[in-house]
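Colleague: First the structure, then my questions, so here it is.
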Amino acid sequence: MIGTARFAEIERDAADALVSATSLAALAEAQTAVLGRRSALASAHRDLAGLDPEERRAAGKILHEIRTHLEALAAERGAALAARERAEMLDRDRLDLTEVTDDEVCSVIRRGRLHLVDQTRRELEDVFVAMGFTVAEGPEAETDWYNFEALNIPPAHPARSMWDTFYLDLGQPETVVLRTHTSPVQVHLMEEQAPPIHAVIPGRCYRRETADARHLPVFHQVEGLVVDHGITFADLAGTIETFTTAYFGADIHSRLRPGYFPFTEPSAEVEVTCTICRGKGCRTCSGTGWVELAGCGMVDPAVFAAVGIDPEEWTGFAFGFGIDRCAQMRHVIADSRVLGENDVRFLRQF
Amino acid sequence: MKTPLSWLRDFAAFDTSEVSRLVTTLDELGLVVEGVEHVGEGLGDVVVALVEGVDAIPGADRIRLVTVDAGQGPLEVVCGAQNFAPGDLVPLAPVGAVLPGDVEIRRRTMKGAVSNGMLCSARELGLSDDHEGILVLNDVEGARPGVPLTDALGIAEDVVFDITVEGNRPDAWSVAGVARDLAGKLGLAFTLPDPAPALELGTPVEALASLEIEALDLCPRMVVGVLEGVRVAPSPRWLARRLLLAGMRPINNVVDASNYVMLELGQPTHPYDLDRLGGAGLLVRRARHGERLVTLDGVERTLGTPGRGLGDTGEDCLICDAEGSPIGIGGIMGGASSEISDSTTRVALEAAYFSPMAIARTSKRLGLRTEASARFERGCDPWGIDRAVDRVCELVGAPCAAGKLDVRGAVPEPERIFVSSRRIVAVLGVDIDVARAASLLEPIGFGAEPGDEGLLVTVPTNRPDIRPAPYGVEDVIEEIARTYGYSQIPGRQPAWPEPGGLTQHQKDRRLVADAMCGVGAYEAWTPSLVDDADHRAMGLFGPAVRVSNPIVKEEAWLRRSMLPGLVRALAWNANRRQGDVRLFEIGTVFSHPDVEGRGARGGSGGTQEAVLPGEHELLAAVLASAGDDARHAVAVWRVLAEALHLDAVDVVADGSIPGLHPTRAARLVARGHGGSTPIGALGEVDPEVAAAFGYEGGRVGWLEVDLGLVLDPNVASRRPSAARTISRFPSSDVDLALVVADGVPAAKVEAALVAAGGDLLESARLFDVYRGPGMPEGHRSLAFRLRFSAPDRTLTDDEVGRLRRAAIDAAEAATGATLR
């Protein structure tokens, strides 16, 4: 015969078992014992089958309430035990970071590596430093002014479609961006420093492009800026050629052909001898022997005007190219996405 | 832009046998040839043939013997295709013919039957991808036995250049424009034929249509011509063929003529069915706020409402019928209501000059870019409109009303710019004399009057890339350089007296990276754009800077910590059975300006102060080699501190560093000129946090340092650079085992010992920690080795004894330590 008294007993015993569990493992065991298929509760539930419908409904309701109560009790106990076990673990683990002895300094038997992009950046910096450049840097989040307008790209100008831009949710809509190129640092430099300026500017840039074999939404550029007396397009061509042979090797040369950038005039695209076929013509260079590497040109007088430099006294040139792309060319990396995977098997090759 | 050579030859006598020279020349002009396609080549020998009979070949079920007549009597050919019957016209490649792909046709014998040629599929002829059967020519007008296939199909050998035109050269974004540049460079005469006047009716255009422009600032000029008695039909074969070669689908003679002229001259035009224009005319006005229009692509557009972008005033130019109902967005896309249909007989042909910036704004805001808008936003020639209208009329060939409607506001006129000889040399570094410069500019449409001091240049109105003076001077110089040839300007390596070099910060950053490599860590590069949930998962609450337009919805926040990225990178490696690894990263983390930001010039014209996120350059490292834990993080930090000669950075226990194990973490606090500054953190990653980022391979040591702070000697002071004299006298060691309560940091004991040691203390080093039997509960033994020396003498036992006593007393006074 099933009675309320029996139910109360089941509930009391079960609650005792749950509350007296002193570890998460013990609690799990207790849960199985008092709520599982072989528990007194389950058996009481099975016994309901013999009752008439009205009694069955009433008794079933009570059993359901008991189960709900016990489950809540188990959860509560579980949380308390988990917190206690973590507290105990933390206490056991407690370490005074000032009592580490030098003998515990692990003996290091292997060397790590710089990321290929960082290695490439250093090499590029070193080539330019040897040519008399300083290295300048700037922030990754910029205002529209630095990333576009001061570079002669006014708001809504169609040329903006050359850069797919990430906008930040700050201030007025579309006024703060993740820099799409390192060129805004040119503007900072010219605002802050009177000419002459001879600087290269490496850094991380962002473009809203889906990653593929040759594009990454987050990538690295190095930019160059020279502002001085008597700087001409011939100096630009010479600088690019000196850099090309110094970085890629004596048999790799550069050439310029007309291009368009809003912040330079005249503007040029830089092509260098294909490093795969060394100029003989292959699939990478579409048989031409040349591959596109960079953009460059003479600083546009409108850019000088934006930063208050007199274009009659000073002239200048600027260039920019992808660090990741240089690495890809030098090391024949087919898919640029591998650069962001951080797989040590890849990293330790370089 | 796909540009057929035959079309280019309408304007100048380019040599068809010198394709590679044309390609090189185009490249040198900045009209980059991305591809060259040879079409219709190798078809010269193929003729039309009539099928006279088809017979089975004994013993063969796949091939049949076909008797054809190509005008020279019956010829037997073996063929495998089944899709033709006697009486059909088919292409025949006779013996000796060479098909596209250098396939030479020879006499062959198959199953005893002799084949004297080959019947061809469209694919074998390079005409299409169709290889289902033989190309049947029954419906082709002019296909008769013996006629060369190229004549029958009206196709000739041609070369199609795929040319990329830079965004600032709308003039070159047309066949005539490319021809002009190319002819100029090659020294060939360039002629732009005047369209032959179409048959002009007596009716004046004003009697048939009206034109009014209310928004002359958005649309400074519009011209409308009217064609009558138009029969809408397919275009002539040659015109349809050229459109196809240029990558455009032919539709009907009116629309095709309009498209043809856009490709040829770069000027879009728009034909309307005049009988479907309310009020038989056009009205150009600003869109009213919130006005709606369904464009040809079936999308309803809301107009006249400013968008999100800087400088978008929400001004849109609407083309309406004379009753004011909108029928199109000016210069971008028309509506369906007045489209040309098969029943159209009267056409109002509209051509306009729109304000480029207005088109750019509207096109960007609506996300609607068309062949027309792309041209208008770059700037079409406001004085090239008449020619375009005449050319469309000529091509449609229907009678025109007399005259054209022409409404003008402030239309750009040719600019005159003086370019001094001095400036040419100053910019290019090569002396191009004014006569030479004039001879370079004139063939591409510029006026040039050489003088003593320089060149007075008249800029043609199809060159909106040439700005007015003073900036236009540079633009003209670029044109001189471009046509002179960039490769003709010899390079020169500039030199200057200022030395190059890295800043101290840049040198130190390299030192830090090298030191990290030295402790066996690999440099990683983890994402800057992350999910804000990652921050919360590591207990980093508060605002993060959000990207308004992320590529991936979850990667929309600027990272506030490198921990999630580095632990994930660890997990990536662990999942590939290479979890025994240490990784580090040097990169930027961002803070929300509500917490910490920075000001910068912003707003339109750079006239406002904008607020930007704070940026910090951090070094962060995860250590997960065998046995790595918080101790190893400390060890790695000591290597770094040593490399940088830091002399005053304290390790201060802190259980509340987000993401770190609460009882195995500490802050790095630098003592510098400006007081104490937290410069980083170290310890272990909280195992729950590591698990949240997919790593459950055991303890992970963590080190994080703000490089902007740690490399600033004012924040974290460094040992003096002056050399310390090394004593020539023997030193004495004192080992002290001190019993200290667990709650007292070893650093505190060491500090007391160092203070007590004074000038004679050479070094103090903790060399052993002991817990276990013999120790009181909650205590451990810390063993220090103190080394004493004096610069001028050997210390006596007595002196060392006093120093030892003083050290013990000091430790006891400061920390309650007792000698073991």
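The values are calculated or read from the model by the stated rules, or taken from the named source; none is laboratory data. Note that the structure is predicted; figures quoted are calculated from it, not measured. All Cβ positions, even for glycine, are placed from backbone atoms using ideal geometry, and neighbour counts span all protein chains on display. Note: accessible area is taken over every heavy atom of the protein model, side chains too, but ligands, DNA and RNA are not part of it. Shrake-Rupley method; radii C 1.70, N 1.55, O 1.52, S 1.80 Å.
Colleague: Of the residues A:Val291, A:Val303, A:Val218, A:Val222, which single one is open to solvent by 20 Å² or more (accessible area, probe 1.4 Å) and either at pLDDT 95 or above or closer than 30 Å to B:Thr526 by Cα (or both)? Talk me through it step by step, then tell me what you get.
Modeller: Numbers: A:Val291 fails: open to solvent by 20 Å² or more (accessible area, probe 1.4 Å); A:Val303 fails: open to solvent by 20 Å² or more (accessible area, probe 1.4 Å); A:Val222 fails: open to solvent by 20 Å² or more (accessible area, probe 1.4 Å).
After ruling out the rest, the residue left standing is A:Val218.
Colleague: To continue, here is another question. Can you confirm whether B:Gln488 is open to solvent by 10 Å² or more (accessible area, probe 1.4 Å) and farther than 30 Å from B:Trp637 by Cα?
Modeller: yes
Colleague: Just give me the residues in the stretch B:560-603 being buried (at least 24 other Cβ atoms within 10 Å of the Cβ) and under 30 Å from A:Ile153 (Cβ atoms), in sequence order.
Modeller: Hits for the stretch B:560-603 are B:Phe590, B:Gly602.
Colleague: If you go through the stretch B:186-202 one residue at a time, do you hit one that is under 21 Å from B:Arg387 (Cα atoms), open to solvent by less than 10 Å² (accessible area, probe 1.4 Å) and in contact with a strand residue (DSSP E or B) (Cβ under 6 Å, 6 or more places away or on another chain)?
Modeller: No, that holds for no residue.
Colleague: Do any residues in the stretch A:137-166 that are within 8 Å of chain B (Cβ to nearest Cβ) and without any contact (Cβ under 8 Å) to a residue 60 or more places away in the chain have Cβ atoms under 7 Å from those of residues that are open to solvent by 20 Å² or more (accessible area, probe 1.4 Å) and in a helix (DSSP H, G or I), where the two are at least six apart or on different chains, and which pairs are they?
Modeller: Filtered contacts from the stretch A:137-166: A:Tyr146/A:His188; A:Pro155/A:Glu149; A:Pro155/B:Ser604; A:Ala156/B:Met357; A:Ala156/B:Arg361; A:Ala156/B:Lys364; A:Pro158/B:Arg378.
Colleague: Name the pairs whose Cβ atoms lie under 7 Å apart, with the first residue in the stretch B:13-35 and in the same structural domain as B:Trp173 (by TED's automatic domain parsing), the second among the charged types (D, E, K, R) and part of a loop (DSSP other than H, G, I, E, B), and 6 or more positions between them or separate chains?
Modeller: Filtered contacts from the stretch B:13-35: B:Gly30/B:Glu166.
Colleague: Which numbered condition in (1) closer than 12 Å to B:Leu703 by Cα; (2) surrounded by fewer than 16 Cβ atoms within 10 Å (Cβ to Cβ) is the only one that B:Ala633 fails?
Modeller: Among (1) closer than 12 Å to B:Leu703 by Cα; (2) surrounded by fewer than 16 Cβ atoms within 10 Å (Cβ to Cβ), the lone unmet condition for B:Ala633 is (2).
Colleague: Name the residue, out of B:Gly328, B:Gly311, that is part of a loop (DSSP other than H, G, I, E, B), out of contact with any Cys (no Cβ under 7 Å at 6 or more places or on another chain) and not basic (Lys, Arg). Talk me through it step by step, then tell me what you get.
Modeller: On the way: B:Gly328 fails: part of a loop (DSSP other than H, G, I, E, B).
Every option except B:Gly311 fails the conditions.
Colleague: Give the residue that is farthest from the other protein chains (Cβ to nearest Cβ), with candidates limited to residues of the stretch B:528-550 that are in contact with a Lys or Arg (Cβ under 7 Å, 6 or more places away or on another chain) and more than 17 Å from A:Val176 (Cα to Cα). Walk me through it before giving the result.
Modeller: Looking only at the stretch B:528-550, we keep the residues that are in contact with a Lys or Arg (Cβ under 7 Å, 6 or more places away or on another chain), and these are B:528, B:530, B:535, B:540, B:544, B:549.
Okay, now just the ones that are also more than 17 Å from A:Val176 (Cα to Cα), so B:530, B:535, B:540.
On the way: B:Val530: 11, B:His535: 16, B:Leu540: 18 Å.
So the residue we want is B:Leu540.
Colleague: If you don't mind, another one. Count, please, the residues in the stretch A:308-317 that happen to be open to solvent by less than 20 Å² (accessible area, probe 1.4 Å) and either touching an Asp or Glu at 6+ places or on another chain (Cβ under 8 Å) or farther than 13 Å from A:Leu189 by Cα (or both).
Modeller: Within the stretch A:308-317, the first condition is being open to solvent by less than 20 Å² (accessible area, probe 1.4 Å), and the residues that meet it are A:309, A:315-317.
Then drop every residue that is not either touching an Asp or Glu at 6+ places or on another chain (Cβ under 8 Å) or farther than 13 Å from A:Leu189 by Cα (or both), which leaves A:315-317.
Qualifying residue count, the stretch A:308-317: 3.
Colleague: Next question. I'd like to know if the stretch A:266-274 contains one or more residues that are modelled with pLDDT of 90 or more, away from chain B (no Cβ under 13 Å) and within 34 Å of the chain's Cα centre (by Cα).
Modeller: First pass over the stretch A:266-274, keeping only residues modelled with pLDDT of 90 or more: A:266-273.
From the residues that got through so far, the ones that are away from chain B (no Cβ under 13 Å) too are A:272-273.
Now narrow it down to the ones that are within 34 Å of the chain's Cα centre (by Cα): A:272-273.
Yes, that holds for at least one residue.
Colleague: Also: Select from the stretch A:116-134 the residues that are within 7 Å of chain B (Cβ to nearest Cβ), β-branched (Val, Ile, Thr) and out of contact with any Gly (no Cβ under 8 Å at 6 or more places or on another chain) and list them in ascending order.
Modeller: Result: A:Val117, single match.
Colleague: Give the residues of the stretch B:213-255 that are touching a Phe, Trp or Tyr at 6+ places or on another chain (Cβ under 7 Å) and assigned to a loop (DSSP other than H, G, I, E, B), sorted by residue number.
Modeller: Those that are touching a Phe, Trp or Tyr at 6+ places or on another chain (Cβ under 7 Å) and assigned to a loop (DSSP other than H, G, I, E, B): B:Leu218, B:Cys219, B:Pro220.
Colleague: Moving on to the next point. Residues that are aliphatic (A, V, I, L, M) and either more than 14 Å from chain A (Cβ to nearest Cβ) or within 19 Å of B:Val261 (Cα to Cα) (or both): find the helices (runs of 4 or more DSSP H) completely inside the stretch B:336-430 holding 2 or more of those. Full working, then the answer.
Modeller: Working: elements: B:356-366, B:371-378, B:385-396, B:421-428.
Fully inside the stretch B:336-430 and qualifying: B:371-378, B:385-396.
Colleague: Let me ask something else. Can you work out which of the residues in the stretch B:694-710 that are touching a Lys or Arg at 6+ places or on another chain (Cβ under 9 Å) and open to solvent by 10 Å² or more (accessible area, probe 1.4 Å) is farthest from B:Pro564 (Cα to Cα)? Step through it out loud before you land on a result.
Modeller: Residues of the stretch B:694-710 that are touching a Lys or Arg at 6+ places or on another chain (Cβ under 9 Å), as a first pass: B:694-695, B:699, B:701, B:707.
Imposing the further condition that a residue be open to solvent by 10 Å² or more (accessible area, probe 1.4 Å) reduces the set to B:694-695, B:699.
On the way: B:Gly694: 10, B:Tyr695: 10, B:Arg699: 15 Å.
Restricting to residues being touching a Lys or Arg at 6+ places or on another chain (Cβ under 9 Å) and open to solvent by 10 Å² or more (accessible area, probe 1.4 Å), the top hit is B:Arg699.
Colleague: Among the numbered conditions (1) in contact (Cβ under 8 Å) with a residue 12 or more places away in the chain; (2) in a loop (DSSP other than H, G, I, E, B), tell me where A:Lys280 comes up short.
Modeller: So A:Lys280 meets the others, but not (1).
Colleague: If I ask for residues that are open to solvent by less than 30 Å² (accessible area, probe 1.4 Å) and assigned to a strand (DSSP E or B), which ones from the stretch B:445-466 would you list?
Modeller: Passing the criteria: B:Gly447, B:Ala448, B:Gly454, B:Leu455, B:Val457, B:Val459.
Colleague: What number of residues within the stretch B:750-760 satisfy the criterion of being modelled with pLDDT under 95 and open to solvent by less than 30 Å² (accessible area, probe 1.4 Å)?
Modeller: The total comes to 1.
Colleague: Please go through the stretch B:755-766 and pick out each residue that is within 13 Å of another protein chain (Cβ to nearest Cβ) and either within 13 Å of B:Ala813 (Cα to Cα) or hydrophobic (A, V, I, L, M, F, W, C) (or both).
Modeller: The first filter runs over the stretch B:755-766 and keeps only residues within 13 Å of another protein chain (Cβ to nearest Cβ), leaving B:763-766.
B:Ala764, B:Leu766, listed by residue number.
Colleague: Another question about this same structure. Output the residues belonging to the stretch B:477-492 that are within 7 Å of another protein chain (Cβ to nearest Cβ), over 21 Å from B:Gly379 (Cα atoms) and in a helix (DSSP H, G or I). Before the answer, list the steps.
Modeller: As a first pass, look at the stretch B:477-492 and keep what is within 7 Å of another protein chain (Cβ to nearest Cβ): B:477-478, B:481-482, B:486-487, B:489-492.
Okay, now just the ones that are also over 21 Å from B:Gly379 (Cα atoms), so B:481, B:486-487, B:489-492.
Selection gives B:Ala481, B:Tyr486, B:Ser487.
Colleague: Now for a separate question. Any residue in the stretch B:592-601 that is in a strand (DSSP E or B), over 23 Å from B:Cys517 (Cβ atoms), touching a residue at least 24 places away in the same chain (Cβ under 8 Å) and more than 9 Å from chain A (Cβ to nearest Cβ)?
Modeller: As a first pass, look at the stretch B:592-601 and keep what is in a strand (DSSP E or B): B:597-601.
Narrowing the set further to residues that are over 23 Å from B:Cys517 (Cβ atoms) leaves B:597-601.
Next cut, touching a residue at least 24 places away in the same chain (Cβ under 8 Å) only: none.
Checked the stretch B:592-601: no residue is in a strand (DSSP E or B), over 23 Å from B:Cys517 (Cβ atoms), touching a residue at least 24 places away in the same chain (Cβ under 8 Å) and more than 9 Å from chain A (Cβ to nearest Cβ).
Colleague: Considering only strands (runs of 3 or more DSSP E) fully contained in the stretch B:28-144, which possess at least 1 residues that are surrounded by fewer than 20 Cβ atoms within 10 Å (Cβ to Cβ)? Reasoning before the result, please.
Modeller: Details: elements: B:32-39, B:47-57, B:60-69, B:74-79, B:89-94, B:108-110, B:113-115, B:117-119.
Correct list: B:32-39, B:47-57, B:60-69, B:74-79, B:89-94, B:108-110, B:113-115.
Colleague: Let me ask another. Among residues belonging to the stretch A:238-248 that are within 16 Å of A:Val200 (Cα to Cα) and of a type in the set (A, V, I, L, M, F, W, C), point out the one that is most open to solvent (accessible area, probe 1.4 Å).
Modeller: The selected residue is A:Ala246.
Colleague: Which residues, taken from the stretch B:467-476, are within 21 Å of B:Ala410 (Cα to Cα) and either more than 10 Å from chain A (Cβ to nearest Cβ) or open to solvent by 10 Å² or more (accessible area, probe 1.4 Å) (or both)? Give the derivation first.
Modeller: First, the residues of the stretch B:467-476 that are within 21 Å of B:Ala410 (Cα to Cα): B:467-469, B:472.
Residues satisfying the conditions are B:Arg467, B:Pro468, B:Ala469.
Colleague: Something else: Please specify each residue of the stretch B:272-303 satisfying the condition of being under 20 Å from B:Val224 (Cβ atoms) and open to solvent by 60 Å² or more (accessible area, probe 1.4 Å).
Modeller: B:Asp275, B:Arg276, B:Arg286, B:Leu296
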